[in-house]
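Novice: The structure is given below, and queries will be raised subsequently.
Just so it is clear, none of the values below were taken in a lab; they were calculated from the coordinates. Note that this is a predicted model, so its numbers are computed, not measured. Don't worry about glycine lacking a Cβ; one is built from the backbone with ideal geometry, like all the others, and counts go over all protein chains shown.
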Amino acid sequence: MSPKYRIVVADDQTLIRSSLVVVLENQHDIEIAGQAVNGHEAIVLAAETQPHLILMDIRMPVVDGIEATRRILSEFPDIKIVALTTFEEDELIESCMSAGAVGYLLKDLTSEELISSIRLIRAGGSIMPTSYVKRWGRKIGSEPVHHREEKADVHLTEREREELHLLMEGCSNKEMAGRMYVSETTIKNHLSSIFAKMEVRDRTQAVIFAIQNVLVN
């Protein structure tokens, strides 16, 4: 049996935090590693419990979720952090992802959607609100071609570009391998090449870079 996926829940609202814990504890493969009521407690818990994932509210007292994310990942880069908030503002989304979060979830999601998102993150994917991706898609589609080419001096192969598309859809390495009919090792090699060309360190930063520099249509 695989070890349980250990999660810290950080939210200053007791009702929301307790509700999340109840939903997560009902999953046989998930364990609650701790609960935090502010960003400072989340930082302390990250060091003490070394969870696999932290569900991080953005607007909390003492230390906000974005700053807490930045501090935690500077010390423990293997911990995955997902922002969970009621605010769907592009600036907040980009700040969270730039801080290193691998996902951005809105609190109006269902229990099933929450669990599905966590499983996607566990498999190596990332997740952002569909409406945000669509907004960026409209912006990209409205820009002139010559402007796109001037955005960034990054040259991807056709296979790397295809993989980047799948990455932006939130596909895991296994899903990419299945859709591209190659091995997971090949996918990992392609990702390493993409990251090196973009000068980023992970999937989330690659997605942000691709969006901001208009690397895909």
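Novice: Before rounding to the nearest 500, sum -39500 (n - 2.57) across all DSSP H runs of length at least 4 in the chain and divide by the residue total; then give [θ] at 222 nm in deg cm²/dmol.
Specialist: The helix contribution divided over the chain gives -16500 deg cm²/dmol.
Novice: Another question, then. Would you mind ranking Leu191, Leu55, Leu106 so that the residue whose beta carbon has the fewest other beta carbons within 10 Å leads the list?
Specialist: Fewest-to-most ranking of Leu191, Leu55, Leu106: Leu106, Leu191, Leu55.
Novice: Now, a different point. Could you estimate the translational diffusion coefficient of segment 35-124 from the Stokes-Einstein equation, with Rh from the Kirkwood formula over C-alpha pairs, at 37 °C and 0.692 mPa s, in whole µm²/s?
Specialist: D, rounded to a whole number, is 253 µm²/s.
Novice: Same structure again: If you average the sequence gap of Cα pairs under 8 Å that are 6 or more apart and divide by the length of the chain, what percent do you get for the contact order?
Specialist: Reported relative contact order: 15 percent.
Novice: Tell me which residues come under 5 Å, amide H to amide H, from Tyr5 once H is placed; ignore anything under 5 positions away on its chain.
Specialist: Ile30, Glu31
Novice: In nm, what is the difference between 0.36 nm times the number of residues separating Lys107 and Lys4 and their Cα-Cα distance?
Specialist: 34.7 nm
Novice: Counting just the Cα atoms, what span does the chain cover along each of its three principal axes? Round to the nearest Å and put the largest first.
Specialist: That works out to 51, 39, 32 Å along the principal axes.
Novice: Next question. In Å, the Kirkwood hydrodynamic radius of segment 1-55 over pairs of distinct alpha carbons?
Specialist: 11.2 Å is the Kirkwood radius here.
Novice: On to the next question. Lysine pairs, Cα distance under 18 Å, 8 or more residues apart or cross-chain: how many in the chain?
Specialist: 5
Novice: By counting other Cβ atoms within 10 Å of each Cβ, how are His28, His165 ranked from fewest to most?
Specialist: His28, His165
Novice: Then there is this: Taking other Cβ within 10 Å of each residue's Cβ, how do Thr85, Thr69 sort, fewest first?
Specialist: Thr85, Thr69
Novice: Still on this structure, please answer the following. Can you work out the PRE-style zone for Glu88? Point 7 Å along Cα to Cβ, and I want the residues of segment 4-33 with backbone N under 11 Å.
Specialist: In segment 4-33, the label zone of Glu88 (backbone N under 11 Å from the point 7 Å along Cα→Cβ) covers no residue.
Novice: Karplus couplings for segment 61-69 from phi (6.51 cos²θ - 1.76 cosθ + 1.60, θ = phi - 60°), rounded to Hz, Gly and Pro as x?
Specialist: Karplus-based 3J(HN,Hα) across segment 61-69 equals x, 6, 9, 6, x, 5, 5, 4, 4 Hz.
Novice: Continuing with this model, one more query. How high is the relative contact order of segment 5-128? Use alpha-carbon pairs under 8 Å, at least six apart in sequence, and give a whole percent.
Specialist: After rounding, I find 21 percent.
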